[in-house]
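Here's the structure we're looking at; comments come further down.
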């Protein structure tokens, strides 16, 4: 319940309870975004500040003359969308089996903890493990087993597909558990009588999934998609550690691109512009998805 | 008879499917633990040594490393500091957002939600320059401030979903008994939702403990956190995977303990209250 009419004392309470957060959010969240925008209008070199205003020069150069940036932008979005779709499909299948009445009695807090492990450990740490223990050409376990069965070696630095596929596989393995948990929560909350009715009518396993479960958890799938997509767009640690954006620029996403330009080529203004374009793209993508799915009405 | 056979086969297939998925997901973690108790030479042996004499020498080396211990200390100070500050802010804000209508409440909610969507790369560049010009680069203060902003949206939305479940009558009763609103919040509401608050706080601690990008670009000698220390260590000891694995285990252990304790509320936290779990 929300209180509509407020007394003098309540108004003071509202002010004091909101103010510190508002202050923090505006000062440490809003101001930097504004600053990024101002920077993006400058030719700001870290080694010789303060830089000069060049209007939309950085934007024009990024969008017109820099195929590397367009590639990074497309790679970010396509990679995120692809990864999340795969995660949702696999995550749903696992959640569906897990929520099956024959299996669900074994579901416990222990299993839930196990499922959560890949999702909560530091991405840097796991990425390093994948890079070394699993994907390494000479000493990695993956290539050891591939050679055992006489398959060609999987080398991340070869060709333009290996690196994205390697990162994609890791990302899917690490993030699917999160989707599974959310969808499991959704499936378990469906009224069991729907399934009983289905069972009486002799609906098959696949049909039951397709006709009864999926439509009932559509809102939950939307939530899972929104949150995973948001985070997949922000991906940085995994790529930075495993390939650093390489080979060439194949796996370079916008975050890597901006860090390279800002902190290695010291072109802060240019990097800020690339980040700002990305910010707008992300906000438009997510907001229109939320609007389309009518999700934000529930949230706010 | 046939029906029963079909049923047990189906059950077997379901378990098999789940087992395969679980193994694929957990293999890297098993490998990390195994490698961490091998000697440096054994860790690189090809074909892999499945039977070996376990050793704790990697952990002994780590504990003797001052840089490593310092990075753990830094991670703890920054993680706990940011979590406490953000939780304090999150509790009052989320309560007011659940309970009151006021001018701009919707805009405020949207702004916080937007902050969750903004890619961190947009913050990293200005932060770096701001801290440098304020002479605050590489201090606990700057790190904690950044992380508070990073986790505050999550905390506000998550705690909000817990407050929303408390019936208003409880508050009314407390206020009839003479509590002010602050007292009601302090003595009635917070104790009621304390498990939820603890879960939200631990989740944001994990976020900070694991965070890489901000730390990579903003920490220096004084505030280097554990993920950065691990990242750097591979540069120095290119092929010392045993050492890498043991530091990875140390970084993972606290997170797993925390998760085991609060797993009940994690789904709600990760979806900012949208899914109850």
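A single member of A:72, A:95, A:122, A:80 is crowded, with 17+ Cβ neighbours inside 10 Å and within 30 Å of residue B:9 (Cβ to Cβ), and it is A:95.
Out of A:167, A:173, A:221, A:239, one residue alone is within 10 Å of another protein chain (Cβ to nearest Cβ) and buried (at least 16 other Cβ atoms within 10 Å of the Cβ). It is A:173. Among A:206, A:292, which is more than 12 Å from chain B (Cβ to nearest Cβ), under 21 Å from the mean Cα position of the chain (by Cα) and at pLDDT below 85? Only one candidate passes the filter, namely A:292.
Please find, among B:158, B:146, the residue that is over 30 Å from residue A:271 (Cβ atoms), in the same structural domain as residue B:248 (by TED's automatic domain parsing) and in a helix (DSSP H, G or I).
Result: B:158 is the single residue among B:158, B:146 that is over 30 Å from residue A:271 (Cβ atoms), in the same structural domain as residue B:248 (by TED's automatic domain parsing) and in a helix (DSSP H, G or I).
Give me a count of the residues in segment B:231-244 that are under 24 Å from the mean Cα position of the chain (by Cα), closer than 21 Å to residue B:42 by Cβ and at pLDDT 80 or above. Residues meeting the conditions: 2. Taken over segment B:117-137, the criterion of being within 22 Å of the chain's Cα centre (by Cα) and either more than 9 Å from chain A (Cβ to nearest Cβ) or more than 15 Å from residue A:271 (Cβ to Cβ) (or both) is satisfied by B:117, B:118.
Listed here are the residues, each with its yes/no results for (1) closer than 26 Å to residue B:167 by Cα; (2) within 7 Å of another protein chain (Cβ to nearest Cβ); (3) at pLDDT 85 or above.
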site	(1), (2), (3)
A:3	yes, yes, no
A:7	yes, no, no
A:15	yes, no, no
A:24	no, yes, no
A:27	no, no, no
A:31	no, no, yes
A:40	no, no, yes
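Scoring residue B:105 on the criteria (1) at pLDDT below 90; (2) surrounded by 23 or more Cβ atoms within 10 Å (Cβ to Cβ); (3) within 15 Å of residue A:19 (Cβ to Cβ) leaves a single failure, condition (2). When residue A:54 is tested against the conditions (1) surrounded by 12 or more Cβ atoms within 10 Å (Cβ to Cβ); (2) more than 8 Å from chain B (Cβ to nearest Cβ); (3) farther than 28 Å from residue A:73 by Cα, the lone failure is (3). Between B:8, B:71, the distinction of being more than 8 Å from every other protein chain (Cβ to nearest Cβ) and either surrounded by 13 or more Cβ atoms within 10 Å (Cβ to Cβ) or touching a helix residue (DSSP H, G or I) at 6+ places or on another chain (Cβ under 9 Å) (or both) belongs to B:71 only. If only residues of segment B:81-107 that are part of a helix (DSSP H, G or I) and within 7 Å of chain A (Cβ to nearest Cβ) are counted, the one that is farthest from residue A:9 (Cα to Cα) is B:106.
Evaluation of residue B:23 against the conditions (1) exposed (fewer than 11 other Cβ atoms within 10 Å of the Cβ); (2) within 13 Å of chain A (Cβ to nearest Cβ); (3) more than 22 Å from residue B:234 (Cβ to Cβ); (4) more than 24 Å from the chain's Cα centre (by Cα) shows that the sole unmet condition is (4).
The single condition among (1) surrounded by fewer than 23 Cβ atoms within 10 Å (Cβ to Cβ); (2) more than 9 Å from chain A (Cβ to nearest Cβ); (3) under 26 Å from residue A:18 (Cβ atoms) that residue B:167 does not satisfy is (2). Among the candidates A:146, A:156, A:183, the residue that is surrounded by 13 or more Cβ atoms within 10 Å (Cβ to Cβ), touching a residue at least 40 places away in the same chain (Cβ under 8 Å), farther than 30 Å from residue B:6 by Cα and out of contact with any strand residue (DSSP E or B) (no Cβ under 7 Å at 6 or more places or on another chain) is uniquely A:156. Selection of segment B:27-68 for residues being over 22 Å from residue B:254 (Cα atoms), assigned to a helix (DSSP H, G or I) and either without any contact (Cβ under 8 Å) to a residue 40 or more places away in the chain or away from chain A (no Cβ under 14 Å) (or both) yields only B:41. Could you tell me whether segment B:188-203 includes any residue that is more than 16 Å from the chain's Cα centre (by Cα), in contact (Cβ under 8 Å) with a residue 60 or more places away in the chain and under 27 Å from residue A:9 (Cα atoms)? The answer is yes, given that some residue of segment B:188-203 is more than 16 Å from the chain's Cα centre (by Cα), in contact (Cβ under 8 Å) with a residue 60 or more places away in the chain and under 27 Å from residue A:9 (Cα atoms).
All conditions but one from (1) assigned to a helix (DSSP H, G or I); (2) at positive phi apply to residue B:130; the one that does not is (2).
The values are calculated or read from the model by the stated rules, or taken from the named source; none is laboratory data. What you are looking at is a predicted structure, and each value in this text was computed from that prediction instead of being measured. Glycine also receives a Cβ, built like all others from the backbone with ideal geometry; neighbour counts cover every protein chain displayed.
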